[in-house]
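Before any comments, here is the structure.
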Amino acid sequence: MVAARNVLIILALAAVVQFAPGGGDTAGLVNAILFTLLNVVFVYFGVRFYRERRMDIYALGDRGRALLYGGLGGIVLALAGTNRWLATGAGTLVWLLLLCGSVAALVWVFRQYGGYSG
């Protein structure tokens, strides 16, 4: 019974967004606000992780830090340009290579560091 009520609430909200004047614009605004909040949360936890693990990150050495930062930057770049890159075949290949290379770099750093130390 509770699940049916929840489904009806979602359908009612979807109907309001679809048929109310300006509903699509309001939905776009809410989507942008939620996306911004999600990015703020990611940045907050990234800064917190960096502050807690600063000595461990410096212990990786120059090569390890370069791979760590390059891998993270590659993932951010791939995710930021997903819509444009996936629009073409060559872009899809570059996107996939960038994402796989970034993940491989992060895996290398993780293995070199010796795994999670707790």
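The values are calculated or read from the model by the stated rules, or taken from the named source; none is laboratory data. Note that the structure is a prediction, hence the values are computed from the model and not measured. Note that each Cβ is placed from the backbone with ideal geometry, even for glycine, and that neighbours are counted across all protein chains shown. When the accessible area is computed, the model is the full protein with side chains, heavy atoms only, and any ligands, DNA or RNA have been set aside. Shrake-Rupley method; radii C 1.70, N 1.55, O 1.52, S 1.80 Å.
Quick look at the numbers
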{"read-out": "Cβ-Cβ under 9 Å pairs, at least 6 apart or on other chains, the range 71-83 side at pLDDT below 90, far side open to solvent by 90 Å² or more (accessible area, probe 1.4 Å) and assigned to a helix (DSSP H, G or I)", "value": "none"}
{"read-out": "One residue from 33, 9, 57 being out of contact with any strand residue (DSSP E or B) (no Cβ under 6 Å at 6 or more places or on another chain), of a type outside the set (D, E, K, R) and open to solvent by less than 50 Å² (accessible area, probe 1.4 Å)", "value": "57"}
{"read-out": "Condition check for residue 103: modelled with pLDDT under 95 and in contact with a helix residue (DSSP H, G or I) (Cβ under 8 Å, 6 or more places away or on another chain)", "value": "no"}
